[in-house]
Each structure stands twice: as C-alpha cells, then as structure tokens.
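Report on the following structure.
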Amino acid sequence: MDHLCRRRKLSSFNSDHRMQAYRDDIDGLRAICIVAVVMFHAGFGDWSGGYIGVDVFFVISGFLITSMIAREMNEGRFSLLGFYERRARRLLAATIPVIVFTTLFAWVFYTTDVFLAYAQSLLAFAAYVSNWYFLAVTGYFATSAETMPLLHTWSLAVEEQFYLIFPALLLLLGRRRSVVVPVLAVIAVLSLAYAQVELNAGNHDRAFFSLFSRFWELMAGALLALVANSLDRLARFAMPMRAAGVAMIVTAVFTFGPATNVPGLPTLLPVVGTLLVLAASPTVKDPVWHVLSAPPMTYLGRISYSLYLWHWPVIGAMRVLVLDRNDLHAVLAILASVAAASLSYHYLEQPVRKRRLLPKKIDMAGLAAGCFAVAASIGAYGWMSGGWPGRFDPEIEARAARAAMRPPDPDRCFKVGAVPNDFCTVGVKPGEPIDLVLWGDSHAASLIPAFRKYAEERGLSFAMTVRGDCLPLLGVWRTKDPTQVCRTFNEEALAFIKEHQARNIAIAARWQIYAAGPQRLLDEAHASPSKSADKAIFTAAIERTLAALPDRNILFVEPVPELRGELPAAYLLMHRIGLPPSQVAPTLKEHRKKARALGEALDDAGKSHRFSRFDPSAILCKGEELCAFEADGNLLYSDDDHLNLEGSLHLYPALAEALDAWRSKAHDAASMGTQP
C-alpha cells in the first residue's frame, strides 16, 4: 500500500494551493482556542463555553492535515508510513515531559484508588483510546477531574483514531473523482446526526467522548481543504468572512455553557465560524488578519499544542496542593503552564519536528516503542498492584482507605443512571403503612446507615427512595437532565409515598448544588435556563412538594458542611507535606454562606407550611470554629461533601433525638386533629 501511494498521482484532489506557505492567521485562531480552553479549565466562569476551543481545534486539524495529504497525493509522494512518522514527531516529543510530571505527581500525592485510576488512564493514553476509557469510567462517583491529569487527552485520542481511518478512506475514494466530497459530506452529516440523537437521548458523555460524534468536526475542516481552491473568487469577502468567523467563535466561548448540546447542532456556530476564518483568503491583510497575526497571538498559537498538554495537569496539581482555591492560584497555574509549554516547544517539540533531534525514522520508531513500553509498564504495574500501595505511612494510608469507602448498600437502594426506581423497604408488611421514608439524592444515601439504624432500634418500617444527582422536589429538573429522569423519579417517589400511606418523610440532598448551580434549574414555567430564575424555581419546587404532601410529617435534612478538598486525598497530602489536616475543614461561616439559598427558601415556605428541619452543622460545627472532619480517630467524609459510614453514625445520636422529637410532635398534632 505504501509503495502504491508513492507512485500514483491522485489529481482528483483539489488541494489548497494557498497552504504551501505558513498562515499566521491560523496560529492566531489557535491562540483564541487555547486561551478559551485554559480559562475555562482554570475555572473562570465568564468563559463558560471555553471548551469549544477543542471543537475549533478539530476543524483546524482536519483542514491542515487534509491540505497536506491532498497536496502530497497530487504530487505522487504521499506515504502512510511518512504520514504517521510525522504525526509521531508532532505529538510524541511534547508528551514525554507531561507524562513524567503526571506520573511523579501521582506517585507522590495520590491515594491508591486514585493512582489506580491514573494507571488505567495512562495505559489508555499510550494506546490512544483515552476517549473510550473516560467514557467507560464516567459515573456519579467517578474520580474527580483534578485527580485525572490525563482527562484532556481524550481529544488527542479522537484525532488519532480519525487519522487512522481518514487517509485510507481518501486513498479508497480517490479512485473516483466525483464521489470524494459527496461521500465525505454524507459521513459528516451522519456523524452530526448521531451526536444530536445521543444528546437528545440524554447520553451526553457518549456524545462528548465518542469518535463517531466528533467525526463531523474534523471532516468539516477536511471538506473545506478539498474545495478550498474554488473559494478564490470569494477573496473580496475575506474581511467580513474573517470578522464573522471570529465573532461566532467568541460568541460561543461566552454564551455556551454546561447545558449546551455539544457536539450537537449548537456546535455549528463555532464550527462554521472556524470554516469562515480558514476560508478567508490569506492574501487579504485586513484588520482582523492583523490581530490574528500579531506576534503574541502567533506565538501562543505555535505553543498551543504543548500548552494544551500542560495546562490541565498543572491546574489539577494546583487544586490538589492548594485547598483554599482562588483566582490567584488559577493565574499562577496558567503562568506555570505557559512556562512549561514554552520550554517544551523550544527544546523538545521543535527540535524533534525539525529533525535536529532523532533525524531518522528508525530513531523515531525507537522513541515511540520505548515510550509505549515505559508507559505501559507503569500503567500495568499500577493497575495490577491495585494503585501502587505502600507509598504512605501504613497507618495513615489505612485510615484514608477506610474513609474513602462509601456507606454499605447491600440492597442497592441507591440508584444511578438507567437503573429502575424500585424503591427499597425494610420491615414493611403488606397492606400496612410505612412509618418512615428517606427521600433524596446521594447525600440522602450517605445517611441510610443512620436512618436504618434508627428504624431498626425503634421497630419502624422504613423505605428509601434515593437517586444520585436528583433534587428531591416535584416538577423541577436540571439542564443536564433533558429526558427528565429526575422528574420521573420524584413523581414515582411521591406515588410510592401515597400508595404506602407513609406519614413521616425525611428529605435530604446536597441542596446548595441545585440552588446555586452550575447546572440551571428548569420547570414548566421556565423552559429556558437562566441563573436569575434559579432561586424562584427552587423556592416554587419546595412549595409544590409541600403542597403535594399536606397530611404528611416532613423533615428537611439540611446539607452537611462541604470540605475544602476531597478528604482521603487531602488527608494524605497534609501528612505528606507536614501541614495539619485541619486545613481541609471549613468554618461554620463558610458553610452557612453556601447553605444560604436553602435557608431562605425554607424560611419562605415555613410561612405557609408546617415542617421540621435538621441541621447537621449543629453537630459538626461549633461556633465559629472549624467544622469537624474526624472524630474518635475516624475520618467522617468519603470525599469533600459525602459522609462515609463513620460520618453517618457520628450524626446518629443527634439525628435520633431529632427524629424522636419530630415524630412525637407529629403524633401530638394528629391527636389534636391538626396538620403536623
């Protein structure tokens, strides 16, 4: 095949003659993309759509690589071996120091379970299947993003999978001139349609990570490259094309957000914008071209690949090391990333690409084989050993490992994903009312041991209606839940409560994450997401839920204080660097600030409804002191916001006392013939 590729001229390809020379404006476009991605990942909220920088990179890549392939095919000198050797030179050299950094950092600071996940991701990256790996491990209790330093490599995997297929596809189609562009266009449309179908079905992760839903973005750039010469007559429109394209990309950066269906139809905005910039004649030096071609812009564009590789591991490392996060730390992480990227670009990436280092193909093949072997060995050992244990003091490591274990759920009462809402019951007799129901999300699930112990000690029948990431209120859902799984869950929970005549209903959740975002709330009166409407939607949902349960005894369990970092990892980190573990604990003031939205909504609802409240911070926090994260030698949290078994049972004495008072109050009200 390689021999045939070299000898045969494929004049069917309309390669872009303008790509013979370097285009400053494309590097300027890359600069916009990398700045958007870095600012988004650094946590600057105004850049809510910065992630579309990756989509723009895909289009640019498809355009540049296809221009090069088509030109070489037309000249009869295209070689698959040469193509992949150039890809290795482009990608591999800059990757090596990043992998060294992430592996050393993980070895020093990650817990065994987190290092295990890192080792698996390293293996996936070495095989360029990161996108499929991260799709497979995505879940409610998946490892947090800051301890997944190779998470961003999903996009590199998508690109390489595309370029395993695309050159061979061009060779196959190149034998019939008339079908090349139409067939590629049909494939692109099918890919976009697939992405939208997955998004409409609520499969956001699959749409995000899958090659098949990203194929169209790379193909869009490729198609432009194949028809670019026919666009010369549009040269007089270069300035409006370039201005409109940049405006479309920037608009997406600042208006897209977590609720935007990317990579579905909305992604056409930045993709078409990118195509306009690429299609604009590079011979027209308009004001927009001058901005894109300014030296700072082109320099950022040239180091954009190295910066993309470095920024996420450095930002993640900063978040692991610094518990009191603020914008200054984010800026420092960005500056460190730029410095590392610049050094990598000048002393590794460019020398290898320009063949000043490893000039021969055999040298490059040896480097690739060696890197794969080392990465695979580290990944395999980390995986097989269960996370490279023995890197910390055994007692400290054992305590952290116990803390990381979530409360036992032998009956699988906690539901996630597509698991049906078959609610769990304990001690419920057919035809008899249920004494106590716990309704909520994963925070309610973390309290199951305490509630279950209470029910068993008091001889009560008990039921659990709990589902991850679902606000336990009626008639409301979030932008991340387009199929309204949580709305259905809550309606079924309400029907269950009424069917079984349950009288005592405890409702628990991580209330602040629903009331304050980042996901927006929706209801029948607010079909479009709006941050300004969240408070009204949240308050109305509480009112709606209480109104639907007029003759029930309701207890709202307020949120537990959230720590400044994920406890097991932060606990190990503090011991590793010699700082007191108490730095992970928030103050009562900080907790109350986060819980303010719930407090205000419950205060409003209390004016027209009767219900009780239980505040865990009354036990976990004392005055203005730090809130407790450990007690009796045990850590109380499994991450930064979920109680573990020890934490749940630590609350039990106070919770049991509150539940007794709550039930007694309801019993007295019932005896007097009044609503509880």
Practice task
For segment 420-507, state which trypsin sites (Lys or Arg not before Pro) are in a DSSP loop and have at most 15 other beta carbons lying within 10 Å of their beta carbon.
Solution key: LYS480
Exercise for the section: Largest first and to the nearest Å, give the Cα extent of segment 447-519 along each principal axis. Expected result: 41, 25, 14
Completion exercise
Plugging the Cβ-Cβ distance of GLU75 and VAL374 into 1/(1 + (r/R0)^6) at R0 = 41 Å yields, to the nearest 0.05, a FRET efficiency of 0.65
Exercise for the section: Please list 604-613, 255-264 highest first by mean number of surrounding beta-carbon atoms within 10 Å per residue. Expected result: 255-264, 604-613
Handout entry: Convex hull of segment 478-521 built on C-alpha atoms - directionally averaged projected area, nm²
Key = 3.5
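Over segment 69-132, what per residue volume does the convex hull of the Cα atoms give, in whole Å³?
On the way: hull volume 5.7 nm³, N = 64.
In segment 69-132, the Cα hull volume divided by residue count equals 88 Å³.
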Problem - Volume per residue of the C-alpha convex hull in segment 238-317, rounded to whole Å³ - result: 116
Problem - P(r) weight above 17 Å for segment 280-354, C-alpha pairs, percent - result: 56
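Going through the cross-link list LYS498/LYS607; LYS453/LYS480; LYS415/LYS535; LYS622/LYS665; LYS531/LYS589; LYS285/LYS361, which pairs have a Cα-Cα distance over 30 Å in this structure? Numbers along the way, then the final one.
On the way: LYS498/LYS607 25 Å; LYS453/LYS480 34 Å; LYS415/LYS535 27 Å; LYS622/LYS665 27 Å; LYS531/LYS589 24 Å; LYS285/LYS361 39 Å.
Pairs exceeding 30 Å: LYS453/LYS480; LYS285/LYS361.
Which value in deg cm²/dmol, rounded to the nearest 500, describes the helix-derived mean residue ellipticity at 222 nm for the chain, given -39,500 (n - 2.57) per DSSP H run of n ≥ 4 and division by the residue count?
Values: 29 runs with 393 residues, N = 676.
About -18500 deg cm²/dmol.
Quick check for me: using +1 on Lys/Arg Cβ and -1 on Asp/Glu Cβ, what's the dipole size of the chain about its Cα centre, in debye to the nearest 20?
3080
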Fill in the blank from the handout: Taking every alpha carbon pair in segment 609-654 and sorting the distances into 5 angstrom bins from 0 up to the bin holding the longest one, the percent per bin comes out as 5, 19, 29, 24, 12, 6, 4, 1, 0
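If you average the sequence gap of Cα pairs under 8 Å that are 6 or more apart and divide by the length of the chain, what percent do you get for the contact order? Display every interim value, and only then the final one.
Numbers: 1103 pairs, mean separation 101.7, N = 676.
In percent, rounded to a whole number, it is 15.
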Problem - Ratio Rg/Rh, restricted to segment 261-306 and using Cα atoms, in which Rh is the Kirkwood radius - result: 1.07
Exercise for the section: Bin all alpha-carbon pair distances of the chain at 10 Å intervals from 0 and give each bin's fraction as a whole percent. Expected result: 3, 13, 22, 23, 17, 12, 7, 3, 0, 0
Fill in the blank from the handout: The long-range amide H neighbours of LEU521, using H built 1.01 Å from N in the peptide plane and a cut-off of under 5 Å, are SER530
Exercise for the section: List every residue whose amide H lies under 5 Å from the amide H of PHE614, counting only residues 5 or more places away in sequence or on a different chain, with H placed 1.01 Å from N in the peptide plane. Expected result: PHE556, VAL557, GLU558
Completion exercise
Averaged per residue, the 1.4 Å probe accessible area of the chain, protein heavy atoms only, in Å², is roughly 42
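Which is the longest run of the chain containing none of the GluC sites (Glu not before Pro) found in DSSP loop states (not H, G, I, E, B) with at most 15 other C-beta atoms within 10 Å?
Details: sites that count: GLU75, GLU524, GLU624, GLU625.
So the longest stretch without any such site is 76-523.
What FRET efficiency comes out for the pair ARG177/ASP422, r = Cβ-Cβ distance, R0 = 45 Å, nearest 0.05? The partial results should precede the final answer.
Numbers: r = 59 Å, r/R0 = 1.31.
With a Förster radius of 45 Å, E is 0.15.
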Fill in the blank from the handout: Along principal axes, largest first, the alpha-carbon spread of segment 42-178 in whole Å comes out as 55, 34, 25
Problem - Fraction of accessible area attributable to carbon and sulfur, segment 466-573 (%, probe 1.4 Å) - result: 52
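Can you compute the equivalent ellipsoid semi-axes for segment 412-456, i.e. the square root of 5 times each eigenvalue of the Cα gyration tensor, sorted largest first and rounded to whole Å?
Numbers: eigenvalues 74, 44, 12 Å².
Working from the Cα gyration tensor, I get semi-axes of 19, 15, 8 Å.
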Handout entry: 0 to 90° range, to nearest 10: angle between helix 238-255 axis and the chain longest Cα axis
Key = 20
Fill in the blank from the handout: Of the convex hull drawn through the C-alpha atoms of segment 330-438, the volume per residue in Å³ is 276
Handout entry: DSSP bridge orientation in segment 426-512 - percent antiparallel, rounded to nearest 5
Key = 10
Completion exercise
quick shape note, segment 264-400: Cα extents on principal axes in Å, largest first -> 67, 47, 34
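Quick one: work out the % antiparallel among DSSP beta bridges in the chain, nearest 5.
Details: 10 of 30 bridges.
Of all bridge pairs located within the chain, approximately 35 percent are antiparallel.
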Fill in the blank from the handout: Relative to the chain, whose Cα atoms define the longest principal axis, helix 211-227 and its Cα axis are tilted in degrees, nearest 10, by 30
Problem - P(r) tail fraction, segment 41-95 - alpha-carbon pairs more than 19 Å apart, % - result: 49
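With r as the distance between the Cβ atoms of ARG402 and ALA193 and R0 = 60 Å, compute the FRET efficiency 1/(1 + (r/R0)^6) and round to 0.05. Provide the component values of the computation, followed by the final result.
On the way: r = 49 Å, r/R0 = 0.81.
For R0 = 60 Å, the calculated efficiency reads 0.80.
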Handout entry: Cα→Cβ-extended label distance, 7 Å offset, between ARG576 and PHE212, nm
Key = 3.9
Practice task
Among PHE209, PRO559, ALA601, pick out the residue whose Cα is farthest towards the positive end of the charge dipole of the chain, where Lys and Arg carry +1 and Asp and Glu carry -1 on C-beta, about the Cα centre.
Solution key: PHE209
Practice task
Could you work out the local net charge near PRO550, counting Lys and Arg as +1, Asp and Glu as -1, over the other residues with Cβ closer than 15 Å to its Cβ?
Solution key: +3
Completion exercise
So the compactness index of segment 513-574, its C-alpha Rg divided by 2.2 N^0.38 Å, takes the value 1.58
Completion exercise
Ratio for segment 519-676, C-alpha Rg to 2.2 N^0.38 Å, reads 1.24
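The values are calculated or read from the model by the stated rules, or taken from the named source; none is laboratory data. None of the values given here were measured: they were computed from a predicted structure. Heads up, the Cβs are rebuilt from the backbone with ideal geometry, glycines too, and the neighbour counts pull from every protein chain shown. Note: areas computed on protein heavy atoms with side chains; ligands, DNA, RNA excluded. Shrake-Rupley method; radii C 1.70, N 1.55, O 1.52, S 1.80 Å.
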